[in-house]
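The values are calculated or read from the model by the stated rules, or taken from the named source; none is laboratory data. All values derive from a computational prediction rather than experimental measurement. Backbone-built Cβ (ideal geometry, glycine too); neighbour counts: all protein chains shown.
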Amino acid sequence: MNNKLEDLGKSYELAAILESIKPMLQTIDLEFARKAGEGMVDQGNFQDSAAVLNPSYDPTKSDLLRLQGETLLKLVEFVESLKEIDELKEQVRVNQNNMAAIQKMFL
C-alpha cells in the first residue's frame, strides 16, 4: 500500500531533480538531435538491409544503433514537453494575475 505522504515527498524530490537538469537540457540543439536520432535509426535499418553483403555483420550493432537513435528522439520529445509545460505554467500565472486584478475592481 502506498503512503501518500511518502509519495508526495518523492514527487517533490523528482520535481527538484527535473528542475535542476532543465537548464542543461534546454541547451540541446533539438533540430540537430532530431536529425541525428533519425539518422541513427535509418543507419541501423540500412545495416540490416545490407547484411547479406557483410559476412561479419552483427545484428546487435544495428539494434544498438536504432535504440540509441530512438532514445535521442525521445529526449527531444521530452525537452519539447518541458518547454511546453513552462509555457503553460506562465500562462496560468498570467491568468491568475488577471483574475486577481479583475476581482480587485469589484471589491
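Here are a few things to note about the model shown:
- Filtered residues of the stretch 25-62 (kept if in a loop (DSSP other than H, G, I, E, B), loosely packed, with under 12 Cβ neighbours inside 10 Å and not hydroxyl-bearing (S, T, Y)): D29, A50, N54, P55, D58
- Those residues of the stretch 73-85 which are closer than 16 Å to K22 by Cα and in contact with a helix residue (DSSP H, G or I) (Cβ under 8 Å, 6 or more places away or on another chain), in sequence order: L75, V76, F78, V79, E80, L82
- With respect to being loosely packed, with under 10 Cβ neighbours inside 10 Å and either touching a strand residue (DSSP E or B) at 6+ places or on another chain (Cβ under 6 Å) or among the small types (G, A, S) (or both), S20 fits the description.
- Single condition E6 does not satisfy, out of (1) more than 24 Å from E84 (Cα to Cα); (2) within 27 Å of the chain's Cα centre (by Cα); (3) surrounded by 10 or more Cβ atoms within 10 Å (Cβ to Cβ): (3)
- Within the set Q68, Q96, Q91, the sole residue that is surrounded by 12 or more Cβ atoms within 10 Å (Cβ to Cβ), polar (S, T, N, Q), at pLDDT 95 or above and closer than 30 Å to L18 by Cβ turns out to be Q68.
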